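Shown next, in structure tokens, is the structure this report addresses.
The values are calculated or read from the model by the stated rules, or taken from the named source; none is laboratory data. Computed from a predicted model, the values in this text were never measured in an experiment. Note: ideal-geometry Cβ built from the backbone for every residue, glycine included; neighbour counts use all protein chains shown. Keep in mind that these areas ignore ligands, DNA and RNA; they rest on the heavy atoms of the full protein, side chains included. Shrake-Rupley method; radii C 1.70, N 1.55, O 1.52, S 1.80 Å.
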Amino acid sequence: MVTPTTIRTVDLRSDTVTKPTESMRSAMANAEVDDDVLGNDPTALRLEKEVAEIAGKEAAMFVPSGTMGNLISVLVHCDERGSEVILGDDSHIHIYENGGVSSLGGVHPRTVKNEEDGTMEIGAIEAAVRSPKGDLHHPVTKLICLENTQANCGGRCLPIEYIDKVGELAKKHGLKLHIDGARIFNASVALGVPVKRIVQAADSVSICLSKGIGAPVGSVIVGSKKFITKARWLRKTLGGGMRQIGLLCAAALVALHENVAKLEDDHKKARVLAEGLNRIERLRVNVAAVETNIIYVDIPEDPKFGAEEACKSLEDVGVLVIPQATFRIRIVLHHQISDVDVEYVLSCFEKIFHS
């Protein structure tokens, strides 16, 4: 095993930290471009067509970020101010997107508890639905949001049968279903199921390009032609209409073609690392919950040495990770992490958390 005597840098803060590959840089340098706000950028159109086909939807639109993609999707579906979206209490939209659906869209978030596996209990979702024929004190529910993989639950994959049931529930109540598919390719690889089947029940999906598959910038939202037409207006309103975005879309196309196949290896490395960390006496990892590329490590509850201090000690030996809670550390694998990197990280944890 590699010992942490020679410091190397291993960045496990997120799968968003990857650097563009040489093939991405070459594609960007040679990209055919035009003005996308005018609808004429050929590389953007090619990317959007390809992602729409992958997701099995009619149309798609490139956006600068997953946060904007989710915001636009929620606002298209919740097209009356004061309407309501049902979403997980530990979901990315609710926790990490600056409350945009409410502050910018006037949409009321109604949270349902996320279970350990990332799901929300079907009965709890249905109980949260509020009808236009109901109590006039309440907002009217228009949308349900799911997240796949569910990041704060450790990158867990939502089962297809579960998503289908939520889709049936949405239709029963005349609601729309949006999936925050920031790491949908991770879910697809882990489940061994095409993306289009996973999101079949969804009316819209936000697919991140800069997380699992390592493109430098952007997300794509997919849905019906009518949905995307409305989404383009909102993208312009929010300042997301850009010009020669083919430069960015060219790199995203390379990521789609070259990096989806690498996700299985990311998941294998994550399991190897999780198992190794769990063998360290003072650490605890729920190895069975490591389904994709995210690991949560529970450290001893020492008031003098919590996750913040542990992350600083790891940074001192070149291992970059993020505190998730007072005594929990988050680790995210990506395609630029090697087997040697994994060995080095294990050695550093062993040194810092030795008995």
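Could you tell me which of the residues VAL74, VAL37, VAL51 is in contact (Cβ under 8 Å) with a residue 60 or more places away in the chain, assigned to a loop (DSSP other than H, G, I, E, B) and β-branched (Val, Ile, Thr)?
VAL37
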Quiz prompt | Some residue of the range 156-167 being over 16 Å from the mean Cα position of the chain (by Cα) and small (Gly, Ala, Ser) | solution = yes
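So that you can scan it fast, the table gives a plain yes or no per residue for (1) surrounded by 15 or more Cβ atoms within 10 Å (Cβ to Cβ); (2) under 27 Å from ARG197 (Cβ atoms); (3) in contact with a Ser or Thr (Cβ under 8 Å, 6 or more places away or on another chain); (4) not aliphatic (A, V, I, L, M):
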site	(1), (2), (3), (4)
GLU84	yes, no, yes, yes
GLY105	yes, no, no, yes
GLU121	no, yes, no, yes
ALA127	no, no, no, no
ARG130	yes, no, yes, yes
ASP135	no, no, no, yes
Practice problem: Filter the range 189-202 down to residues that are buried (at least 24 other Cβ atoms within 10 Å of the Cβ) and either more than 15 Å from the chain's Cα centre (by Cα) or free of Cβ contacts under 8 Å to residues at least 24 places away in the same chain (or both), then give me how many there are. | Solution: 1
Quiz item: Of the residues GLY174, GLY167, which single one is open to solvent by less than 10 Å² (accessible area, probe 1.4 Å), over 28 Å from ILE295 (Cα atoms), modelled with pLDDT of 95 or more and out of contact with any Asp or Glu (no Cβ under 8 Å at 6 or more places or on another chain)?
Solution: GLY167
Practice problem: Determine whether the range 334-342 contains at least one residue that is among the hydrophobic types (A, V, I, L, M, F, W, C) and without any contact (Cβ under 8 Å) to a residue 24 or more places away in the chain. | Solution: no
Practice problem: List the number of the failed condition for VAL205; all other conditions in (1) within 23 Å of VAL76 (Cα to Cα); (2) open to solvent by 10 Å² or more (accessible area, probe 1.4 Å) hold. | Solution: (2)
Quiz item: Is it true that VAL317 is modelled with pLDDT of 95 or more and closer than 20 Å to GLU291 by Cβ?
Solution: no
Practice problem: Only residues in the range 306-318 that are open to solvent by 40 Å² or more (accessible area, probe 1.4 Å) count as the first member; pair them with residues that are not hydroxyl-bearing (Ser, Thr, Tyr), Cβ under 7 angstrom, at least 6 apart or cross-chain, and list the lot. | Solution: GLU308/PRO323
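Listed here are the residues, each with its yes/no results for (1) of a type in the set (A, V, I, L, M, F, W, C); (2) open to solvent by 10 Å² or more (accessible area, probe 1.4 Å).
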{"residue": "SER219", "(1), (2)": "no, no"}
{"residue": "THR237", "(1), (2)": "no, yes"}
{"residue": "LEU248", "(1), (2)": "yes, yes"}
{"residue": "LEU253", "(1), (2)": "yes, no"}
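Take the residues in the range 47-59 that are among the charged types (D, E, K, R) and out of contact with any helix residue (DSSP H, G or I) (no Cβ under 7 Å at 6 or more places or on another chain), then tell me which one is least open to solvent (accessible area, probe 1.4 Å).
Our first condition is that a residue be among the charged types (D, E, K, R); within the range 47-59, this holds for 48-50, 53, 57-58.
In the following step, the residues that additionally are out of contact with any helix residue (DSSP H, G or I) (no Cβ under 7 Å at 6 or more places or on another chain) were identified as 48-49, 53, 57.
Values: GLU48: 9, LYS49: 126, GLU53: 98, LYS57: 38 Å².
That would be GLU48.
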Practice problem: Could you please give the count of residues in the range 15-38 that are farther than 30 Å from GLY154 by Cα, open to solvent by 40 Å² or more (accessible area, probe 1.4 Å) and under 27 Å from the mean Cα position of the chain (by Cα)? | Solution: 6
